[in-house]
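Report on one structure; see the data block that follows.
The values are calculated or read from the model by the stated rules, or taken from the named source; none is laboratory data. Model, not experiment: these values are computed from the prediction. When we count neighbours, we look across all protein chains shown, and the Cβ atoms used for this are built from the backbone with ideal geometry, even at glycine. Quick note on the areas: whole protein, heavy atoms, side chains included, nothing else; ligands and nucleic acids left out. Shrake-Rupley method; radii C 1.70, N 1.55, O 1.52, S 1.80 Å.
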Amino acid sequence: MTTTTTDTPSSSSQPSSSTDALTSTGDGVLVLDKENIQPGEDLTATGTGCPKGASVTLKSLGQDVGQAVADDNGGFTSPVRFASIEPGRHKVRAECGITLVGNVDVTLSSSSGGTTSTLVVLLFFLLVGAAMLRRQFTGLRR
């Protein structure tokens with residue numbers, strides 16, 4: 001799991017009065033349920049520290065990738081959906097009056113090499129089996 005604390009504006013980092021202390025969100029955390037994903041794979045962001053009922057917008061690479069509303073405790077959960085994404089490390093920002101930041105690595109994997117070698121091995125055993133069956137049946141005719 002990737003966990004990153006908030007980038008809080010300096011004006012909201014310290015409550016200015018006792019009333020602010022009751023409504024202040026303090027520091028929050030953004031947790032992404034996976035450290036590594038492949039394009040198209042599901043990713044979920046869970047966060048804390050937002051103001052109660054705040055609209056949460058998740059962004060990465062300048063695009064909106066998720067939406068949520070903070071609950072009574074300032075927490076939220078949202079799926080993260082990238083319209084398009086390149087391999088590499090990407091920051092996901094949750095903005096809700098404060099900014100929460102998390103990182104995810106996007107990787108590509110190719111399975112074409114494994115499929116080709118599996119096919120060659122399968123074909124080899126198929127041919128060996130056919131040759132053995134042919135010998136067995138030709139031996140019965142003699």
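Quick check, is Thr4 crowded, with 16+ Cβ neighbours inside 10 Å, at pLDDT below 50 and part of a strand (DSSP E or B)?
Considered against the rule, which asks whether it is crowded, with 16+ Cβ neighbours inside 10 Å, at pLDDT below 50 and part of a strand (DSSP E or B), Thr4 comes out as yes.
Checking the condition open to solvent by 30 Å² or more (accessible area, probe 1.4 Å), without any contact (Cβ under 8 Å) to a residue 60 or more places away in the chain and closer than 19 Å to Asp33 by Cβ, which residue from Gln63, Gln67 passes?
After ruling out the rest, the residue left standing is Gln67.
Could you tell me which numbered condition Ser16 fails, if it satisfies all but one of (1) among the hydroxyl-bearing types (Ser, Thr, Tyr); (2) at pLDDT below 95; (3) touching a strand residue (DSSP E or B) at 6+ places or on another chain (Cβ under 6 Å)?
Only one criterion is unmet by Ser16, namely (3).
So which residues in the range 49-60 are surrounded by fewer than 14 Cβ atoms within 10 Å (Cβ to Cβ) and either part of a strand (DSSP E or B) or of a type in the set (Phe, Trp, Tyr) (or both), if there are any at all?
none
Could you figure out which of (1) open to solvent by less than 10 Å² (accessible area, probe 1.4 Å); (2) on the phi > 0 side of the Ramachandran plot isn't true of Val104?
(2)
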